[in-house]
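Everything below concerns the one structure shown next.
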Amino acid sequence: MAETQQATTIRMPKLGESVTEGTIAGWLKQVGDRVERYDPMVEVVTDKVNAEVPAPVSGTLVEILSQEGDVVPVGEPICIIDTGEGEAATPPAPAADDEPADRTVVMSAAKIDELQPSSQMLYDRSSGDESVSTNGKPADREAAIARAREERDELALLRIRSSPLVRRLAEEHDIDLSTIEGTGIGGRVTRADIEAYLAQPAPARPAEPEIPAEPAPQPAPAPTAPPPSQPAAQAQIEVWPGDEVIEASVIRRQIADHMVRSVTTAPHVTVWMEVDMSAVVAWREARKEAFRQREGFSLTYVPLVLSAVVGALQAHPRVNAVWDNGRIILRKAINVGIAVALEDGLIVPVVKNADEKNITGLARAVNDLVERARDGKLTPDDVSGGTFTLNNPGTLGSVASTPIIVQPQAAILSMEAIVKRPVVIDDMIGARPMMNLSLSVDHRLLDGLAATRFLADVKSRLETFNPGD
C-alpha cells in the first residue's frame with residue numbers, strides 16, 4: 001500500500017486590480033493548526049481592502065513563510081499547508097529496474113474556479129502555481145518545504161521590504177536596498193530611509209565593490225560647460241519640541257504609494273462644470289419618503305448622479321477605457337467604483353455592470369457597498385474590476401476638487417455639494433440648487449475636447465433628469 005502526502009505552497013493573492021503587494025496584518029492560524037478549506041487563515045491589508053484570506057485546501061499549517069508586518073509581492077509564497085495522507089491505493093507493480101513514480105498534483109484552472117471569489121486569487125495562473133507532492137518519504141516532504149522557503153528567500157533578496165515607490169527611488173539613485181536598515185514596520189525600508197541615506201556625506205555610505213575595467217582610449221580634452229548643480233536630497237523632517245509623531249497605518253502608506261504612482265503614471269487634466277440640479281432635486285423630493293419606506297434606507301443623490309454617468313459612459317466609450325503601453329482597451333463592462341471615506345483612508349468598492357441596473361438597483365448596490373465598507377466587510381471581489389470612479393466629497397461640503405485617477409482607469413468624476421446660488425435665467429435672477437462636477441482624465445487617452453464632451457453629456461442628463469418610476 002502506498003500513502004501520498006501533499007505539501008501545498010500558498011501564495012500572496014492579487015487582492016484587486018493594480019494591486020502588486022499586500023501586508024500581512026496577522027495570522028488567524030498558527031503552525032500546527034488544522035485548516036479547513038474556505039477557513040480564514042490570514043489577514044492581508046492593501047490600499048484597496050482589508051481581507052481575511054481563506055485557505056484554498058484543507059490540511060495542517062506546517063510553515064509560515066511571511067510574518068506579521070511583512071510587505072509581500074503578489075505571487076510570493078506566504079505559507080505551506082500539508083493536506084495530509086491521501087487515500088490508500090495499490091500502485092501498479094513497477095518493473096524490476098523502475099523506481100516508484102512520483103504523483104504530482106497540479107491545481108488546474110477549472111479547480112481554481114470552484115473556490116470562492118476571494119480565494120480564487122490565492123493562485124497566480126500566469127505563473128503556474130502548483131501543489132508540491134511527495135511519494136510518502138519524509139525527506140521528500142522536507143525537500144518540498146525547503147524549496148518553497150528558498151524561493152521565498154530569493155524573492156525577498158530581490159524585493160527588500162519596501163514599496164514600489166521606494167524601489168523606484170532606489171533605482172533612480174543606484175542604491176542597493178540591502179545596504180539600508182529599514183525603520184518601518186518589520187524592517188521595511190521607507191522613503192525617509194532613502195532620503196536620510198542620500199543626505200549622508202559620501203564617505204559615510206557603505207562602500208561598494210569596484211569592478212575593474214580595461215582602460216579605454218581617451219579623446220582629446222574639449223572645453224565643456226560646468227555640470228548643472230544637483231538639488232540636494234531632502235533630509236528627514238526635523239521634529240520640533242512639542243510635536244507629536246504618529247506612525248502612518250499600513251493602509252495610509254499604501255494609499256500614499258498608490259496616489260504618487262497614479263500622478264506619475266498618468267498626466268492628469270481636470271475639467272469643471274456647474275450643473276443646475278433643480279430637476280434631480282424635484283424628482284428625489286417627490287419619491288424619497290416612499291422609497292425609504294419601501295427599501296428601508298434613504299435615497300441619496302449618488303445613485304441619481306450615477307445613472308447619468310452610466311448613460312454618458314455608454315455614449316462615450318473612450319472614457320470607459322484603459323491605456324496599455326500604446327494600446328487603448330475599450331471596456332465593454334461598465335463597473336463604477338464608488339469612493340467611500342473611512343476614518344483613516346479611502347476605499348473604492350465597485351458597482352458591477354452598472355448599465356444593467358435601474359435607479360433602484362443602483363441605490364441598493366451603492367447602499368450595500370457603503371455599509372459593508374464602513375463595517376470592514378468588503379471582499380477582494382468588491383474592490384476589483386472598476387472601469388470608472390465616482391467620488392462624492394460634496395457630502396462634506398466640498399464645492400471644487402481635483403480628484404486623482406484610480407489606476408489603470410481613464411477618468412474619475414467628483415460630485416460636489418449642492419448649494420443654492422443666485423443664477424441668471426432668461427435675464428432674471430433666481431435661486432437654483434447648483435452643483436459643480438470635477439472630472440480628472442488621463443491625458444494619454446483623452447484630450448480636453450473628449451473630456452468636455454463627456455462632462456457636458458453628464459450635465460445635460462442631470463439638468464433634464466426624468467427617468468420615470
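Students often get this wrong, so check it: of Lys352/Lys420; Lys357/Lys420; Lys14/Lys352; Lys377/Lys420; Lys288/Lys459, which have C-alpha atoms separated by over 25 Å? If you can, show how the numbers build up before the last one.
Details: Lys352/Lys420 33 Å; Lys357/Lys420 30 Å; Lys14/Lys352 18 Å; Lys377/Lys420 37 Å; Lys288/Lys459 22 Å.
In this structure, Lys352/Lys420; Lys357/Lys420; Lys377/Lys420 lie more than 25 Å apart at Cα.
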Revision key, fill the gap. Between Ala321 and residues 5 or more places away or on another chain, the pairs with built amide H atoms under 5 Å apart involve Arg331, Ala410
Review point. Which stretch or stretches of the stretch 235-256 have amide N atoms under 20 Å from the point lying 7 Å from Ala196's Cα along the Cα→Cβ direction?
Key: 235-250, 253-254
Point to revise | Derived scalar couplings ³J(HN,Hα) [the stretch 416-422; Karplus, 6.51 cos²θ - 1.76 cosθ + 1.60; whole Hz; x for Gly, Pro] | key: 8, 5, 8, 10, 6, 9, x
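Read-outs: derived from the displayed coordinates by stated rules, not from any lab. Remember, predicted model here, so these are calculated numbers, not experimental data. So basically every Cβ, Gly included, is an ideal-geometry build from the backbone, and we count neighbours across all protein chains shown.
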